[in-house]
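Scroll down for the structure; my scribbles are underneath it.
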Amino acid sequence: MAVRDALLALLSAGPGYGFQLHGDLAERTGGRRDVNVGQSYATLERLGKQGLVESAGATDDGLPLYRATKAGTAATSAWFAGTDASGSDPWDETVDRVLVAASLPSIEVGPVLEAERLRWQERALEASARAAVDDGERDDRTAVASRRLAALAASAEAARAQAALDWLDGVASLTARHDLAFAPRMERPRRGRRPSARSADSASLAAEANAAQASAEA
């Protein structure tokens with residue numbers, strides 16, 4: 001996940017200040033994305049230069065507030081629709097996108113889940129087709145071995161796609177029974193603050209995603 005996309009998504013819930021957004025990112029991704037606080041501030045600065053965020057004044061104690069511009073809101077919509085960050089891993093993008101969407105009151109998680117499911121179904125079909133190769137017994141041993149190795153790699157991709165689909169089904173079941181969305185906290189975080197029940201649910205989903213990835217790689 002690009003920190004850029006995540007911070008823009010968080011600003012879709014309303015203005016926020018740097019350290020709040022930094023903590024919000026970790027909480028809404030179940031602890032998967034606890035990035036360096038300096039990276040969060042640097043990203044906000046770049047987003048401002050790109051015209052994706054702008055000043056929204058300051059908090060009562062003088063902390064600068066940011067809000068998404070129209071261009072920033074459009075970029076967030078594209079990310080939730082499935083536009084992955086350049087060079088990113090599709091599985092990481094899916095998990096982070098779903099967790100953030102489920103946690104934001106302003107986002108409907110259902111369409112995000114359905115779009116992700118369609119993409120992983122396509123990946124599963126494409127990988128399964130590549131895994132079903134003809135050994136070509138008349139070919140030399142090296143050519144046959146090469147094709148079999150390629151088929152094994154494709155079968156690993158198919159297994160990961162199936163694990164992603166299973167995880168998405170689990171998310172759909174959980175979000176149908178529980179509301180995981182919570183509003184941003186504008187107060188400064190205290191040391192040792194206990195996570196809320198909803199952020200604990202996000203952490204549980206993140207743990208299940210990690211387990212699904214490990215199972216697919218086994």
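Figures for the structure shown
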| item | result |
| --- | --- |
| Residues satisfying the stated conditions in the range 42-89, i.e. part of a helix (DSSP H, G or I) and either over 21 Å from the mean Cα position of the chain (by Cα) or at positive phi (or both) | E45, G48, K49, K70 |
| Residues of the range 111-132 classified as free of Cβ contacts under 8 Å to residues at least 40 places away in the same chain and either within 30 Å of H22 (Cβ to Cβ) or loosely packed, with under 14 Cβ neighbours inside 10 Å (or both), total | 10 |
| Pairs where the first residue, in the range 1-16, is among the polar types (S, T, N, Q) and the second is part of a helix (DSSP H, G or I), C-beta under 6 Å, 6+ apart | S12/T76 |
| Single residue of E126, E137, E93 found to be modelled with pLDDT of 95 or more and either part of a loop (DSSP other than H, G, I, E, B) or acidic (D, E) (or both) | E126 |
| Filter result for T94 (surrounded by fewer than 19 Cβ atoms within 10 Å (Cβ to Cβ) and β-branched (V, I, T)) | no |
| Hits in the range 97-110 - residues which are farther than 16 Å from L25 by Cβ and surrounded by 20 or more Cβ atoms within 10 Å (Cβ to Cβ) | V109 |
| Per-region count, the range 96-113, residues in contact with a helix residue (DSSP H, G or I) (Cβ under 9 Å, 6 or more places away or on another chain) and either among the acidic types (D, E) or assigned to a loop (DSSP other than H, G, I, E, B) (or both) | 4 |
| So G62, is it small (G, A, S) and modelled with pLDDT of 95 or more | no |
| Residue match in the range 68-79 (condition: closer than 29 Å to D179 by Cα, crowded, with 20+ Cβ neighbours inside 10 Å and out of contact with any strand residue (DSSP E or B) (no Cβ under 9 Å at 6 or more places or on another chain)) | yes |
| Looking only at the range 147-199, and only at residues there that are hydroxyl-bearing (S, T, Y) and at pLDDT below 95, the one that is surrounded by the most Cβ atoms within 10 Å (Cβ to Cβ) | S199 |
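For (1) at pLDDT below 90; (2) surrounded by fewer than 22 Cβ atoms within 10 Å (Cβ to Cβ); (3) farther than 18 Å from S77 by Cβ, each residue gets a yes or a no:
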residue: A2; (1), (2), (3): yes, yes, no
residue: G14; (1), (2), (3): no, yes, no
residue: F19; (1), (2), (3): no, yes, yes
residue: R33; (1), (2), (3): yes, yes, yes
residue: V37; (1), (2), (3): yes, yes, yes
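The values are calculated or read from the model by the stated rules, or taken from the named source; none is laboratory data. Remember, predicted model here, so these are calculated numbers, not experimental data. FYI the Cβ positions are ideal-geometry reconstructions off the backbone, even for glycines, and counts take in every protein chain you see.
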